[in-house]
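The next block holds one structure in the form of structure tokens; read it before the comments.
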Amino acid sequence: MLKRAVVLMFCTILTAASGAEAQNVLVVSAWGGNWKDSLEKTLTTSHVGRLYISDGLVQPLDMAKLPNAKELAKEAIRSEYHIGVWSYVYTVVYRPDLVKEEITKWSDLWKPSLKGKIAMPDFDPSHIITIAALMEGGNETAWEKGQKKLLELKPQIAAFYATDAQSQDLMKTGQAPVQVMLSVNAYHLIDQGLPVKLVQPADYPGVIGIDTMTIMTGTKKADAAYQFINLALSKDIQAELVKSLKAGPTVIGTPVPANLAGQPGIFVSPAQWKERAYIINDEVRAKNLPAWREWFTSNIVKK
């Protein structure tokens with residue numbers, strides 16, 4: 001019944017008790033693919049939320065109306081406007097049946113043995129740009145420090161992907177058996193029986209993504225929206241999200257299946273959030289992403 005409750009919460013409506021269902025539908029946004037298949041989700045990413053905030057599209061949250069947020073990881077409180085409901089990481093994922101040399105670090109991507117075997121996203125290069133910068137003493141603010149390192153990685157790249165489906169297909173066919181990949185997609189492939197391994201990098205943490213909930217400015221359905229968010233932050237729903245989506249909970253103390261405990265993207269304690277997650281500054285990422293894409297496309301994607 002709990003699984004059914006999760007699906008209903010995310011794919012149907014929250015209505016007032018008056019019975020005027022058609023007038024009280026809570027409209028939410030969603031992505032497709034295996035994300036939609038898991039729970040018909042209704043969120044945006046934290047840096048995109050920053051763009052919503054700067055455009056005045058969302059309103060500050062009244063935390064008093066969200067009692068289940070009291071145990072949120074501090075990293076999940078992205079601003080007074082948006083809070084995280086689950087997490088994941090972009091990390092190194094590979095097929096050990098096709099890549100015999102063990103991969104344990106981000107820096108392993110530069111090994112000559114991986115030439116022509118790697119895929120990564122071209123639509124958002126934030127993750128590899130940040131990692132390359134960190135390797136050269138920079139970060140997302142001083143990202144230019146990693147440009148030379150990124151150019152050195154270019155021969156390693158077999159393909160780029162623009163969607164989750166393309167990423168998964170490249171891994172399935174073996175065309176790109178090593179990827180900078182979203183952890184949720186890797187777990188999805190494992191569920192399908194594909195032998196893939198997620199790396200907990202020993203040199204730098206996985207680059208985290210936090211999907212957030214907001215309430216649109218001027219909405220007439222604020223009460224329903226608060227109910228929706230508060231329900232998503234209950235430990236029962238959080239636990240079900242972990243099991244069904246393989247994303248990490250944002251509420252500390254959420255029970256996690258034994259096979260996922262301690263795995264990349266699954267954080268259950270403040271220490272794990274601190275040690276295993278690199279969080280790109282949302283404002284820096286939102287501001288710089290167009291420039292990052294332009295540089296990455298011109299210098300890395302183009303032949």
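The values are calculated or read from the model by the stated rules, or taken from the named source; none is laboratory data. All values reported here derive from a predicted model rather than from experimental measurement. Positions of Cβ are backbone-derived with ideal geometry, glycine not excepted, and every protein chain shown enters the neighbour counts.
Just to be sure, is residue 244 closer than 18 Å to residue 75 by Cα, in contact (Cβ under 8 Å) with a residue 24 or more places away in the chain, surrounded by fewer than 17 Cβ atoms within 10 Å (Cβ to Cβ) and not assigned by TED's automatic domain parsing to the domain that holds residue 184? No.
Across segment 256-265, the number of residues qualifying as in contact with a helix residue (DSSP H, G or I) (Cβ under 7 Å, 6 or more places away or on another chain) and either surrounded by 14 or more Cβ atoms within 10 Å (Cβ to Cβ) or over 20 Å from residue 233 (Cα atoms) (or both) comes to 4. Across segment 199-231, the qualifying residues are those that are among the aromatic types (Phe, Trp, Tyr) and over 20 Å from the mean Cα position of the chain (by Cα), and the one among them that is surrounded by the fewest Cβ atoms within 10 Å (Cβ to Cβ) is 226.
Got at least one residue in segment 80-95 being of a type outside the set (Val, Ile, Thr), surrounded by fewer than 15 Cβ atoms within 10 Å (Cβ to Cβ), modelled with pLDDT under 95 and in contact with a Pro (Cβ under 9 Å, 6 or more places away or on another chain)? Yes, segment 80-95 has at least one match.
Screening the candidates 100, 111 for the property of being modelled with pLDDT of 95 or more, not hydrophobic (A, V, I, L, M, F, W, C) and not assigned by TED's automatic domain parsing to the domain that holds residue 222 yields one hit, 111.
The single condition from (1) out of contact with any helix residue (DSSP H, G or I) (no Cβ under 7 Å at 6 or more places or on another chain); (2) assigned by TED's automatic domain parsing to the domain that holds residue 67; (3) over 18 Å from residue 79 (Cβ atoms); (4) surrounded by fewer than 16 Cβ atoms within 10 Å (Cβ to Cβ) that residue 191 fails is (2). Within segment 129-157, residues that are touching a residue at least 40 places away in the same chain (Cβ under 8 Å) have Cβ atoms under 6 Å from residues that are part of a helix (DSSP H, G or I) and among the charged types (D, E, K, R) in these pairs: 135/149, counting only partners at least 6 apart in sequence or on another chain. Within segment 273-295, the residues that satisfy the criterion of being farther than 17 Å from residue 144 by Cα and buried (at least 17 other Cβ atoms within 10 Å of the Cβ) are 273, 276, 277, 278, 279, 282. Collect the residues in segment 247-289 that are under 19 Å from residue 79 (Cα atoms) and in a strand (DSSP E or B), keeping them in residue-number order. Of everything in segment 247-289, those that are under 19 Å from residue 79 (Cα atoms) and in a strand (DSSP E or B) turn out to be 249, 251, 277, 278. Taken together, the criteria place residue 198 among residues that are over 19 Å from residue 83 (Cβ atoms) and in the same structural domain as residue 107 (by TED's automatic domain parsing). Out of (1) on the phi > 0 side of the Ramachandran plot; (2) without any contact (Cβ under 8 Å) to a residue 40 or more places away in the chain, what's the single condition that is false for residue 174? Status for residue 174: all satisfied but (2).
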